[in-house]
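I have placed the structure first, in the form of structure tokens, so that the comments after it can refer back to it.
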Amino acid sequence: MKDSKSISVFDLLVLLGAIVMYISGCSSPEPELIPREVLFGNPVKTRPQISPDGKMLAYLAPVENVLNVWVKTIGKEDDRAVTKDKDRGIRRYFWAEDSKHIMYLQDVGGNENWRLYAVDLETSQIKDLTPYEDVQVQIVARDKHFPDELLIGMNKEDPKVHDVYHLDLVTGTLKLVAKNPGNIASWLADAGMKVRCAMVATAEGGFDLIVRKTEQEDWEKLFTWAPEDSLTSGPVSFTKDGNSLHLIDSRNVNTGRLVKMEIETGNIQVIAEDPQYDVSSVLIHPDSYEVQAVAFTKARTEWIVLDDSIKDDFKAIAKLDHGDFFVSDRDNADETWLVSFTKDNGPVSYYAYDRKKKKGTFLFEHMPELGKYKLARMEPISFTTRDNLTIHGYTTFPVWKQRKNLPTVLSVHGGPWHRDSWGYDSTAQWFANRGYLCLQVNFRGSTGYGKAFVNAGDKQWAAKMHNDLVDGVNWAVDEGYADPEKVAIFGGSYGGYAALVGATFTPDLFCCAVDIVGPSNLVTLIKSIPPYWSTYLATFYKRVGNPDTEEEFLKSRSPLFKVDRIKIPILIGQGANDPRVKQAESEQIVEAMKKKDLAYEYMLFEDEGHGFAKPENRLEFFAAAEKFLAKHLGGRYEEAVEDSK
């Protein structure tokens, strides 16, 4: 047995080498380039779901490079694809409660007009359950106790709002069960699959929470979430008896806490809360409808287990792998759970967990090829802004370089009512592997940090929200991490807008910008939003601006009207069918740059929407982006076939 105090010759040489490297300031050996195909291609397998009867497993995997749903019998090697998509791939699917059908949603070309399809696993027949043009389907409710039923929302009668329909999965019959008067933004069903709660948009940008005792009775208002609470509050579920509601509620406090409200009296019981972070996830028991666990996404995800019957399960699951875990599915007997682990330096891993044996079985990793390469760690950071606000974010450093004077990519998240979080991030790994520091900043207006923080972003597009990004870059420079002469800004959606803002509002800070489906004119952005976002228009007006009454203000925050300030090259990517940020948003700023003879590259994808769903399009754009960044930041680049000729 080896003496724990002894050291081998090999260990000594490694230690001496590390000391010499530290003293000389040398870096680690340069790692292998991770191919773009590995980072941005289709996953090998992902998003498993167990059948309600616990006998089969479904998952997504490619068929001829297009994601489709596969099923297999647990314990057998009889995997087979059961869907036949040949274009965009399937990403949203679930088991029907009869364990005999797979349901999935699909749009055309990225237009987000989702249709609902059912696959009969016995006959392989695929049926379009909502064969309507220019109609969007939303899943309102499904429940194990009602195996032949679904509640779905459709904007079939009025493109601006979704009514609720009862769908009989045996006959395919649709029946209207809740008519939208024109101001309801979302619906909630009780444990009996009856629509008994809804959120009504107010003119001020808040929401009234309304309830009714039965589907035949009139609606009554419970209370109002004021605009300042609208992004940190919302209904979660009914209790089993239908007399109470579980809510995420930030009224009278700063963060969205989980509460139980008695409908008749309005009495509230606080279930879980944190003074700084909003509730991010709630685990509900499928039979008792009681809360079992609550998550808060801080620097990493932290769970609070409230149900003693699952405390040992959570302890056992935590030992299966490293990283942050989520219970993603459970069978009807509640004996088998599916669990996913996300980690910063490896692929997402999936396990089947047996609750009786308290043991997990490894299923697969979503991109096992990543295991062949040295991935970087994602490290939480924080800094203080110029107006004394604490901002959180993440850094991902190249694994072989000293943390000094690095070319840097500021990667800005979309939304903007969203946030970056810890875990595997293909874009952050891509930047780090190419030799760049990746900086991710959860600027004010980002969600998860309480209402004071998210509301601090109101009317601050291209102003304080952008200042937070600038202050993040300055922090990285002051720490000695970032080369101030080599900083790029990169993002999609709001992040794309931020990239354009970086090029026009702070043109001396960045050396280049990459914009993916980012708006260039806030006036045209808000005036052209999809019709079914009508119930959120007041939110846009309050938090961004009203184009009818504040046109000049919105223009003053729009990159399109400051094109003459651009000093840096810009790469722009756009989907032709994007319903959120229309093609015109990219093309109007491209035309303005063209007139001024400014440096730009523009890539339009005719078969994409808000982002690039098809792997061939992702790979084409990221090949161009990688070459663009290498030219202006000096990092590494994987040659494409045409580059090597």
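Things worth noting here:
- Cβ-Cβ distances below 6 Å connect the following pairs, each with a first residue in segment 132-158 that is in contact (Cβ under 8 Å) with a residue 40 or more places away in the chain and open to solvent by less than 40 Å² (accessible area, probe 1.4 Å), a second residue that is in a loop (DSSP other than H, G, I, E, B) and of a type in the set (Phe, Trp, Tyr), and a separation of six or more residues or different chains: GLN136/TRP114.
- Some residue of segment 490-497 being over 27 Å from the mean Cα position of the chain (by Cα) and aromatic (Phe, Trp, Tyr): no
- LYS567 meets the stated requirement of being surrounded by fewer than 17 Cβ atoms within 10 Å (Cβ to Cβ) and part of a loop (DSSP other than H, G, I, E, B).
- Qualifying residues in segment 173-190 (those that are touching a strand residue (DSSP E or B) at 6+ places or on another chain (Cβ under 7 Å), more than 14 Å from PRO235 (Cα to Cα) and outside any strand (DSSP E or B)) - the one most open to solvent (accessible area, probe 1.4 Å): LYS179
- Scanning segment 588-645 for residues being in a helix (DSSP H, G or I) and either modelled with pLDDT under 95 or aliphatic (A, V, I, L, M) (or both) gives a total of 15.
- No other residue among LYS76, LYS72, LYS84 is part of a strand (DSSP E or B), without any contact (Cβ under 8 Å) to a residue 60 or more places away in the chain and surrounded by fewer than 17 Cβ atoms within 10 Å (Cβ to Cβ) apart from LYS72.
- Search result, residues across segment 162-172 that are in a loop (DSSP other than H, G, I, E, B) and either free of Cβ contacts under 8 Å to residues at least 40 places away in the same chain or within 18 Å of PRO235 (Cβ to Cβ) (or both): HIS162, VAL170, THR171
- In segment 235-262, the residues that are at positive phi and without any contact (Cβ under 8 Å) to a residue 40 or more places away in the chain: ASN252
- Of everything in segment 465-485 that is in contact (Cβ under 8 Å) with a residue 40 or more places away in the chain and of a type in the set (Asp, Glu), the residue that is least open to solvent (accessible area, probe 1.4 Å) is ASP468.
- Qualifying positions in segment 570-604 - out of contact with any strand residue (DSSP E or B) (no Cβ under 7 Å at 6 or more places or on another chain), surrounded by fewer than 21 Cβ atoms within 10 Å (Cβ to Cβ) and touching a residue at least 60 places away in the same chain (Cβ under 8 Å): ARG580, ALA584, GLN588
- Search result, residues across segment 291-321 that are over 27 Å from ALA191 (Cβ atoms), part of a strand (DSSP E or B) and open to solvent by 50 Å² or more (accessible area, probe 1.4 Å): GLU302
- In the set ALA462, ALA428, only one residue is in contact (Cβ under 8 Å) with a residue 40 or more places away in the chain, open to solvent by less than 20 Å² (accessible area, probe 1.4 Å), in contact with a strand residue (DSSP E or B) (Cβ under 9 Å, 6 or more places away or on another chain) and of a type in the set (Gly, Ala, Ser); that residue is ALA428.
- Checking PRO48, PRO62 one by one, the residue that is touching a Gly at 6+ places or on another chain (Cβ under 9 Å) and either part of a strand (DSSP E or B) or β-branched (Val, Ile, Thr) (or both) is PRO62 and no other.
- All positions within segment 182-211 that are farther than 21 Å from ASN113 by Cα and not hydrophobic (A, V, I, L, M, F, W, C): ASP190, GLY192, LYS194, ARG196, THR202, GLU204, GLY205, GLY206, ASP208
- Considering segment 217-290, the qualifying strands (runs of 3 or more DSSP E), each wholly inside and each with 2 or more residues that are charged (D, E, K, R), run over 220-225, 257-262.
The values are calculated or read from the model by the stated rules, or taken from the named source; none is laboratory data. These numbers come from a predicted model, not from an experiment. When we count neighbours, we look across all protein chains shown, and the Cβ atoms used for this are built from the backbone with ideal geometry, even at glycine. All accessible areas refer to the heavy atoms of the entire protein, side chains included, with ligands and DNA or RNA removed. Shrake-Rupley method; radii C 1.70, N 1.55, O 1.52, S 1.80 Å.
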